[in-house]
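The structure under discussion appears below in the form of structure tokens.
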Amino acid sequence: MPGLGLTMGVGFANINAKAEGIESKPAFRDAFQRRRCLVPVDNFYEWKKTADGKQPYAIALAGRSLMALAGLWENWRSPAGEWLRSFAIVTTVPNELCAELHNRIRAAISPMMTSS
């Protein structure tokens, strides 16, 4: 399904999935119901618009430990008949610390939410 992430001939069409309304958007509806995942990262970048273009900022936990981002994944067949797997990162409204950088931020999952 080219709706998530990689689209043949277009590049990364839907690498981000806006959390608000994700359950009803055609590109993400099925994956949201059946194929959620955690994407481990040690940091990610947000790009702040400046007068000269964009400035990258690395976002990481204070202790530099791994964090889990909310994601959706999908298997889909390319026009050439190959099976491909792609994923999208769920985004949401930023917290106070990141709001001045960008109007969206990747949805990080609290460690308490992943423990059993």
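All of the numbers you see were taken from the coordinates with simple rules; none came from a lab. Computed from a prediction, not measured in an experiment: that's the story for all the values here. Because the Cβ atoms are built from the backbone with ideal geometry, glycine has one as well, and the counts that use them run over all protein chains shown.
Using mean Cβ contacts within 10 Å as the protection proxy, how do 86-98, 14-26 order, highest first?
86-98, 14-26
Once the Cβ-Cβ distance between Ala62 and Ile109 is put in as r, and R0 is 22 Å, what FRET efficiency do you end up with, to the nearest 0.05?
It comes to 0.85.
How far apart, in nm, are the 7 Å Cα→Cβ label points at Arg85 and Tyr45?
2.6 nm
Work out, step by step, the length gained on full extension between Ser78 and Glu20: first 0.36 nm times the residue separation, then minus their alpha carbon distance; give nm to one decimal.
18.0 nm
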